[in-house]
Amino acid sequence: MSSHTRRLTIGIRWLAKLAGAIVVVPVFLLLLTEGLGRRGLWTMNPLRLSPLDASLMSILLVACAGMIIGWFNEKLGGEIGLVCALAFLASCITLPEMRIVWLPAVILTVPGFLYLLSWKLSRAGTGRAPLTRTAG
């Protein structure tokens, strides 16, 4: 791997970590400030959420967990974060009441994509191809 590619990979890796932190911190602050109590119609208490809201919140939290995992394992964290972020984005686009949050849902996909890009670039010059299955 050339020096330029190595620096680019490290830069993308840290950009992914920064983007993940920028996404994860507000989600957890939302959970903290909104609380898990019984305040009004909007609550994040899992026992009071509708099934749709509970599933969307679960997808969002698993996406954030993927971004945290990405700090230690880029491939796994990127895959989890990107798949869950895309599922959340698809939900936001298809559900009429969720269309207002589609832009934050797009931003949610960035860290997962960057983690996977960093993982792919780190494997590019080492002679180690990313694992792929072949039909046998």
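The values are calculated or read from the model by the stated rules, or taken from the named source; none is laboratory data. Because the structure is predicted, anything quoted here is derived from the model rather than measured. Using ideal geometry, Cβ is built from the backbone for each residue, glycine included, and neighbour counts are taken over all protein chains shown.
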| note | Over the range 70-79, the set of residues surrounded by fewer than 20 Cβ atoms within 10 Å (Cβ to Cβ), assigned to a helix (DSSP H, G or I) and not acidic (Asp, Glu) is 75, 76
| said: Residue pairs, Cβ under 8 Å, 6 or more apart or interchain, first in the range 7-18 and touching a residue at least 60 places away in the same chain (Cβ under 8 Å) and surrounded by 16 or more Cβ atoms within 10 Å (Cβ to Cβ), second in a helix (DSSP H, G or I) and of a type in the set (Gly, Ala, Ser). List them. | reply: 9/118; 9/122; 12/118; 13/118; 13/122; 16/78; 16/118
| message | All but one of (1) modelled with pLDDT under 90; (2) touching a helix residue (DSSP H, G or I) at 6+ places or on another chain (Cβ under 7 Å) hold for residue 53; state the number of the condition that does not hold. | response | (2)
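Table: residues versus (1) surrounded by fewer than 22 Cβ atoms within 10 Å (Cβ to Cβ); (2) in contact (Cβ under 8 Å) with a residue 40 or more places away in the chain; (3) among the aromatic types (Phe, Trp, Tyr).
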position: 57; (1), (2), (3): yes, no, no
position: 66; (1), (2), (3): no, yes, no
position: 84; (1), (2), (3): no, no, no
position: 87; (1), (2), (3): yes, no, no
position: 94; (1), (2), (3): yes, no, no
position: 104; (1), (2), (3): yes, no, no
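If I filter the range 28-47 for residues that are within 30 Å of residue 120 (Cα to Cα) and modelled with pLDDT under 90, do I get at least one hit? Steps first, please.
Here is the first cut: in the range 28-47, the ones within 30 Å of residue 120 (Cα to Cα) are 28.
Next, only the ones that are modelled with pLDDT under 90 stay: 28.
Yes, the range 28-47 contains a residue that is within 30 Å of residue 120 (Cα to Cα) and modelled with pLDDT under 90.
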